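Input: a single structure, listed below in structure tokens.
The values are calculated or read from the model by the stated rules, or taken from the named source; none is laboratory data. Note that the structure is predicted; figures quoted are calculated from it, not measured. Counting neighbours? That spans all protein chains shown, and the Cβs are built from the backbone with ideal geometry, glycine included. Areas reflect the complete protein model, heavy atoms only, side chains present, ligands, DNA and RNA absent. Shrake-Rupley method; radii C 1.70, N 1.55, O 1.52, S 1.80 Å.
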Amino acid sequence: MNWDIIQLTFWLIAGLVSFYFSIGNARVWTSIAVGFGFILIGQLIPQAMPYLPGLEIPQVEAMGYIVGTISILVMTHGFQEYYIFSRTLELEGNKIAVYLVTLGVTACSFVFILINPEPDQRTLEIIRVVENVNWVFLSLINIDLIRKICQNIKDSPISRGFAAFILVFVFIFIWRGSELYIQVYNLSDPVVASHFPFRYQLSLLCQNVGNLLAGLSVGGTFLFLARLLR
């Protein structure tokens with residue numbers, strides 16, 4: 001089974017739905033939707049590398065991982081904003097500011113990559129580990145935040161949509177946690193993998209299935225929310 005093609009298809013749908021959702025709904029949803037939409041870019045670059053020319057450039061690969069980190073940071077900020085909104089009904093800023101700040105941080109990151117030495121394999125691996133560490137721990141934080149949001153809006157129909165986000169982050173935790181486990185223990189090295197074949201194969205399966213289910217659930221959750229918000 002070619003996991004990359006299937007995963008990219010689901011993330012393409014999820015990313016487009018997320019961006020469209022961010023444009024068509026209230027400011028309080030913007031950071032959440034933009035964060036999920038950015039996963040598309042973070043996923044597209046590393047996974048499309050074998051298929052599209054030019055993506056194997058180290059700086060481009062590094063930006064793919066950095067965009068992935070920006071993605072989880074933006075959406076976590078969005079859930080924090082919504083938690084405060086669910087308690088106080090107060091919200092600061094506007095939609096344009098969210099887009100501009102996110103693009104500004106991405107541009108600054110790109111400049112940082114360009115003015116520094118070309119990333120070698122070790123540097124790329126470190127950037128990727130940092131990305132996965134952020135995803136793993138912030139996924140746990142977001143699960144708790146969403147649980148609190150659900151309690152605050154339990155009488156609202158959209159509480160079911162937020163409950164679906166908990167499932168999304170469970171899948172993300174499985175996906176990113178498995179990938180981080182492989183990285184930390186260097187199980188992708190054939191010599192190491194030969195000593196722990198079951199652990200490697202199980203981790204790889206969890207990584208691929210978690211990725212697939214995360215992409216599918218993100219798109220499904222935003223479509224469900226769009227229906228609830230009509």
| query | Share of the chain's accessible area from carbon and sulfur, percent, 1.4 Å? | reply | 69
| query | When the convex hull of the Cα atoms of the stretch 178-230 is projected onto a plane and the area is averaged over all directions, what value comes out in nm²? | reply | 3.9
| query | Using alpha carbon centroids, what distance separates the stretch 134-186 and the stretch 60-112, in Å? | reply | 17
| In degrees, nearest ten, helix 3-24 long axis to first principal axis of the chain (Cα) | 30
| Using mean Cβ contacts within 10 Å as the protection proxy, how do 73-84, 189-200 order, highest first? | 73-84, 189-200
| How do 143-156, 31-44, 57-70 rank on mean C-beta neighbours within 10 Å, highest first? | 31-44, 57-70, 143-156
| query | Taking the Cα atoms only, what angle lies between the long axis of helix 159-184 and the longest principal axis of the chain, rounded to 10 degrees? | reply | 20
| How much accessible area per residue does the chain have, in Å², with a 1.4 Å probe? | 51
| task | Please compute P(r) over all alpha-carbon pairs of the stretch 3-228, binned at 5 Å starting from zero, and give each bin as a whole-number percent. | result | 1, 7, 13, 19, 20, 16, 11, 7, 4, 2, 0, 0
| For the stretch 67-195, what does the alpha-carbon gyration tensor say about shape, rounded, prolate or oblate, given a ≥ b ≥ c as the root eigenvalues, a/c under 1.5 as rounded, and a/b over b/c as prolate? | oblate
| query | In degrees, nearest 10, range 0 to 90: what is the angle between the Cα axis of helix 121-152 and the longest Cα principal axis of the chain? | reply | 20
